[in-house]
Every structure is written in structure tokens, then in C-alpha cells.
1. Can you list residues whose amide H is under 5 Å from residue B:31's amide H, if they're 5+ apart or on another chain and H is modeled 1.01 Å from N?
2. Region B:240-287: which trypsin sites (Lys or Arg not before Pro) are DSSP loop and have at most 16 other beta-carbon atoms within 10 angstrom?
3. What nm distance separates the two modelled labels at residue B:309 and residue A:59, each placed 7 Å from Cα along Cα→Cβ?
4. For residue B:130, what charge total do you get from the other residues with a beta carbon under 13 Å from its beta carbon, if Lys and Arg give +1 and Asp and Glu give -1?
5. Hydropathy first: keep DSSP H helices in chain B averaging at least -0.5 on Kyte-Doolittle, then drop any whose Cα extent along the axis falls short of 15 Å, and list what survives.
6. Which cross-chain or sequence-distant (5 or more) residues have an amide H under 5 Å from the amide H of residue B:98, H modelled 1.01 Å from N in plane?
7. For peptide B:102-112, what's the mean number of Cβ atoms from other chains within 10 Å of each residue's Cβ?
8. In whole Hz, with x marking every Gly and Pro, tabulate ³J(HN,Hα) for region A:26-34 from phi via Karplus 6.51 cos²θ - 1.76 cosθ + 1.60, θ = phi - 60°.
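Just so it is clear, none of the values below were taken in a lab; they were calculated from the coordinates. Just so you know, these numbers come straight off a predicted model, no measurement behind them. Quick reminder, even Gly has a Cβ in these numbers, built from the backbone with ideal geometry, and neighbours come from all protein chains shown.
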Amino acid sequence: MAGLIIRRVLQLILLLLGISFIVFLSMHIAPGDPADIIGGPTASKEDIEGIRESLGLNEPLMVQYFDYLKGVIHGDFGFSFQTKESVSEALLSRFPNTLNLAIASIIVAIVIGVTAGIISALKHNSWFDGAATVISLAGISIPNFWLGAILILVFAVNLQWFPVGGLTEPFWTVEGMKQLILPAITLGTGSAAMIARMSRSAMLEVIRADYVRTARAKGVKEKTVIMVHCLRNAMIPVITVIGLNFGFLLGGTIITEQVFAINGVGRLMIESIAARDFPMVQGAVLLVATLFVLVNLVVDIVYALIDPRIGFE
Amino acid sequence: MEKTILEVEDLVTTFKTAGGEVSAVRGISFSLKKGETLCIVGESGCGKSITALSIMGLLAANAKSRGNVHFNGKNLLELKQDEMRKIRGNDISMIFQEPMTALNPTFTIGFQLCEPLLIHRNLSKKAARQKGIDLLKQVGIPMPEKRMKQYPHELSGGMRQRVMIAIALACSPKLLIADEPTTALDVTIQAQILDLLNDLKEEFETSVIMITHDMGVVAEVADRVIVMYAGEVIEEGSVEELFNDPQHPYTRGLLASVPNVDDPEFKLNPIPGTLPNLNEEIRGCRFHPRCPFAMEKCVQASPVQTNRKQNHSVRCWLQEAEADEYSKCQPSSAV
């Protein structure tokens with residue numbers, strides 16, 4: 001167990017190095033100069049040059065990169081070009097919103113996806129199975145921004161059941177939950193659809209397995225056959241999909257946060273990219289990438305806990 | 001051998017398929033006495049396993065059984081799901097062909113072994129564990145305490161089949177159905193498992209239905225044998241009768257298909273042709289297209305059961321002909 005974690009952490013460091021380099025490079029290669037944006041349209045050439053000098057943008061690219069890395073190792077992600085606030089503080093203040101949204105979405109996705117998948121498999125080729133297949137396909141195909149807008153229109157504007165946007169209250173209050181529901185459905189639908197498809201096929205395979213027949217031959221109750229003997233085996237591939245999706249959700253809140261005006265990391269990222277705020281973009285991407293890899297590590301560990309055939313060696 | 005514990009009457013099992021309804025078992029009848037070992041033999045696909053699963057009520061959703069299966073004064077085919085569930089693993093248990101896949105890979109041996117005890121015997125977890133360890137000892141598994149905590153993938157095929165036997169015998173069933181329990185195992189392990197089954201049968205006073213296509217297994221364990229062909233019972237008798245005086249051409253064919261390593265002159269004599277498809281309609285005797293002795297009558301009508309002796313019955317038109325006449329009968333090509 002410890003070996004696995006150490007190996008994965010080493011991999012994680014290498015991976016993050018690579019990611020940080022690519023993000024660093026792409027931001028500098030992309031057209032647009034942060035000094036122009038900070039200076040504004042009225043700034044003179046000398047002003048802009050001064051800003052470039054003070055931000056260290058005139059140094060060679062590799063020097064800038066290593067300066068940045070040095071800071072990161074010390075926990076210093078730099079300061080925003082735009083607002084001058086510390087990148088780590090800005091990220092930390094926005095991250096809880098993003099995390100809440102991602103967790104709420106994955107809960108929506110798991111509850112809907114796994115349930116629909118299991119029922120589909122148990123009632124193979126029934127009307128429910130057919131309907132679930134069509135809805136899943138729609139769920140995967142519908143873009144977030146459209147679904148979000150429609151949900152706002154129907155449930156917030158017309159029915160007025162939920163607020164139009166914002167995420168200001170803590171999630172354990174009724175208000176906070178109300179604020180979370182529409183964005184969580186918007187973000188979770190695609191994942192729910194994928195999880196449903198995966199659960200269905202995994203369950204179908206397991207239901208026909210010899211050991212399920214053995215369980216029935218032992219006189220195990222049908223409910224236990226499904227919920228214990230089948231589910232544990234069927235969940236092995238589903239957990240991979242859930243983990244991957246959770247990673248995507250953490251990084252994929254950008255559009256949903258924008259649609260629902262939620263002050264999270266995704267929205268910060270969009271604003272920072274538009275402003276060529278290099279340190280902020282780099283910090284945000286590194287954060288999301290780290291979380292993605294960590295989630296995958298957790299998935300691997302859970303995987304090994306469920307399936308005894310997978311060792312930790 | 002006194003009381004009859006299982007009585008199967010005119011069991012028909014059909015499957016709904018895309019191509020219509022097909023019959024896998026076509027009206028078979030047999031009975032089993034207490035303590036008896038009955039072997040059901042026949043080629044793959046002749047309906048042996050379906051017969052077993054019909055008795056257990058473990059058929060796929062698209063299958064349906066009719067007829068009567070009397071066990072302990074109840075007709076199993078008429079029982080509700082939950083009543084049948086209480087019999088499975090308790091009064092009737094089953095061992096399957098594939099020990100590699102018959103155990104759940106994600107649960108320990110202990111969990112899977114204790115499950116029937118917890119369900120049917122209401123034992124405490126601790127008592128079930130102790131009983132589980134005893135059972136593993138009884139089926140000859142070394143270090144049972146350690147095995148209880150292991151997972152199926154940590155055991156060999158023979159060990160897993162022993163575990164399956166332990167699970168099946170956990171609640172001392174009155175009837176044990178073993179569906180080709182040795183087919184997937186090495187020859188040396190096969191013999192061990194058969195010996196074990198024979199011993200445990202005495203110990204637990206269990207009646208056994210052994211399904212096999214291996215005449216060697218039949219000779220080893222059977223008291224009585226029924227031979228199935230294409231969903232029908234074509235010959236039934238005591239093991240001595242069947243080996244010494246086989247009547248049906250198919251039974252003779254089966255015995256002639258067993259290799260004999262002791263005799264260098266021995267030539268394997270397989271039955272020509274293959275088993276008919278389930279949906280294939282064959283007029284008359286279902287074996288006649290493959291039968292070297294087929295007559296006009298065999299094509300026209302299904303043979304009736306003739307009792308040769310008290311414990312030997314055959315379904316073949318040849319029985320009608322004079323014994324010496326049919327022994328002279330020259331093999332003709334299939335009709």
C-alpha cells in the first residue's frame with residue numbers, strides 16, 4: 001500500500017512538472033501581452049515597457065519558468081498580474097465553491113447513473129431499459145450551457161423553485177442546497193449518463209456469471225444476490241468511470257460556473273485567461289491537474305479494496 | 001435404499017427464443033431413493049444440465065418447466081420463489097462444472113461458505129465460522145483457518161471444487177446435484193474429488209444426482225444410470241445392467257466411445273453424426289438418423305418404454321424384435 005502511494009506520488013510530481021511547463025509555454029506563446037492589458041489603452045510605450053520589466057516578462061522564457069518553479073516549490077504561486085492578490089489565496093477562496101459543485105454533481109451522477117444502470121440491466125430489454133438508453137444518449141450529447149440555460153428558464157425563471165444563480169450560502173443550509181441543485185444537475189447529467197451505461201453493461205455481464213448462479217443455488221435472497229454478490233463485482237469497472245468523471249467534473253465546472261454565476265475556480269480561470277493573467281492561469285491549471293491525479297490515485301486504492309485479485313505490489 | 005425422495009414425472013422444459021419455443025427436456029421421468037446415486041449420462045446438449053437446473057428452479061428467465069417434481073411431498077415446480085429459495089442450499093444443493101468461475105471472486109472463502117449456514121441454519125457468525133472450518137476439514141482442505149480468509153483466486157481448481165462441495169454440503173442436504181463436477185479438473189484430481197463425494201455421501205446420508213458424460217465416472221459412483229438423448233430418457237437401469245447388458249444402440253455407442261488404454265488392439269468407435277438441434281423436429285425415434293439399426297418403424301413412431309427387467313427399461317423399437325433376430329441385424333446406412 002505504502003509502495004503504491006509513494007510510486008504514484010513520484011509519478012504525480014513528474015506529471016505536474018510536465019503540465020506546468022506546457023501551461024507556462026502555451027500562455028506565453030498565445031497572442032496578447034499582459035502588460036498591454038494591465039496598462040490599459042492609454043498607456044505609453046515606456047509605461048508598458050516598465051510594466052514588462054517589473055513583471056519579469058523581459059527575461060528569457062526558461063529563466064522565467066525556473067523562477068516560477070522555484071516559487072511553486074516554496075508554496076508561492078506568484079501574484080495575479082491583474083489584481084495583485086496572491087494566487088494561492090485567490091484559488092483557496094474560490095476552490096470550496098468548485099469542490100461543492102463537483103461533489104454535488106458526482107452525487108447526482110452516481111445516484112441517477114448507478115440506479116438507472118442496475119434497473120436497466122435487471123429489466124433488460126424492457127421499456128425502462130429502452131428509455132434509459134435514449135435518455136443516456138441525450139444526456140451525453142446535450143451541452144452543459146444549453147441544459148443550464150433551459151433549467152434556469154424552467155425552474156428558476158418560470159417556476160421560481162430555485163434561484164437563478166450564485167452560490168453564496170453554505171451547502172448544508174436549505175438555501176445553499178437550493179442554489180446547488182440546478183448547477184449540480186447541469187454538470188452531473190453527462191456523467192450520470194456515462195455511469196448509467198457502464199453500470200448497465202457491467203451488471204448485465206455479472207448477472208450471467210456462474211458465481212451468481214452459485215449464490216442462488218445456496219438459497220441467497222434475490223435482493224442479496226443483486227446488492228451483494230452482483231453489485232460488488234459490477235462496481236469494479238464503474239468505479240473507474242466515476243473517478244475519471246469526478247476528475248473531469250472538477251476541471252469541467254468552467255461552463256457551469258459561468259452559466260450559474262458561481263464564483264469558483266473555473267470562472268476565475270476564464271477571467272484570468274481573458275486578462276492574460278499568467279500566474280493565475282498556471283496556478284488554477286496546476287490545482288485542477290493535481291486534483292485529477294489525486295482522484296485517480298484514490299480510485300486505484302478503492303479498486304484494490306473492492307477486488308482482492310488486484311494487489312498493491 | 002428404501003424411501004423415494006425425488007420423483008420426476010413427465011418433466012418438460014422449454015425455452016422461448018427468437019426462433020420460437022424450443023424444448024430442451026421432453027417429458028422425462030425418473031425417481032431417486034434415499035442414499036442412492038443416480039447418474040444422468042449423455043452427450044453435451046442432451047438436456048442433462050437443464051434437467052438439473054429445472055429441479056433446482058434455477059433456469060434462465062426465458063425458460064419454463066412443466067410436469068411434476070415431487071420432493072419431500074411437495075411439487076417443486078409449483079412452489080413460490082421464496083419457498084423454493086428455502087429449499088435451495090438447504091435440502092437440495094448443487095455443485096457446478098466450473099470451479100474456476102463458480103465462486104465469487106470478491107468475497108472470501110469463509111464468507112461464501114458461511115452464507116448458507118447463516119441463511120438456513122440461523123447460526124451466529126462465530127458458530128458459522130467454526131462450522132465452516134469443520135466443513136473445510138471434512139472436504140480435505142489443509143489449513144482451513146487460513147483458507148477461510150483467502151479469496152478464490154488464491155486456490156487451485158481442485159481446492160475450489162472442494163470448497164464448492166463444502167458449501168453444497170454445509171446444511172446436510174437430502175439431495176446433492178453434481179453437474180459434471182470433475183470435468184474441468186486434472187485426472188488425478190478427478191479421482192480424488194469422486195472419492196471425496198463417495199465418502200461424504202455416506203457421511204451426510206445424501207442422495208446424489210451426478211450428471212456426467214464420462215462413463216468412467218459412472219462406473220465409479222453410480223448405483224443407477226439414466227441415459228439421455230436429445231431431451232429424452234432412452235435407457236434406464238442399474239449400473240451393472242447398463243454396463244453388462246446395454247440395450248439401446250446409443251448406450252452401446254457411448255460405451256464403445258470410451259477409450260481403453262489397456263488394450264493395444266482397441267479401436268475407438270464413435271457414434272456417427274451429432275446431436276440434433278433443439279428446434280429440429282424429428283419424426284419417430286429422435287436417435288434414428290444416427291442409429292445403425294434404424295428400421296422403417298423407427299422413422300414413423302416414437303418408441304415406447306419397454307421394461308426388460310425390474311430395474312432396466314429401454315425406449316427402442318429393437319426391443320420388440322426377437323432378441324436373436326436383432327443381434328443378427330446388419331447395420332444399414334442411416335435412413
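1. Long-range HN contacts for residue B:31: B:8.
2. Within region B:240-287, the qualifying trypsin sites (Lys or Arg not before Pro) (loop, at most 16 other Cβ atoms within 10 Å) are B:267, B:283.
3. Distance between the two pseudo-spin positions: 10.3 nm.
4. That sum, taken over residues with Cβ under 13 Å, equals +4.
5. On the way: long enough: B:109-120 (18 Å, 1.12); B:125-138 (19 Å, -1.09); B:157-169 (18 Å, 0.85); B:187-204 (25 Å, 0.22).
What comes out of the filter, once short or polar helices are dropped, is B:109-120, B:157-169, B:187-204.
6. Under 5 Å from the amide H of residue B:98: no residue qualifies.
7. Counting Cβ atoms of other protein chains within 10 Å of each residue's Cβ and averaging gives 5.
8. 5, 5, 7, 6, 4, x, x, 10, x
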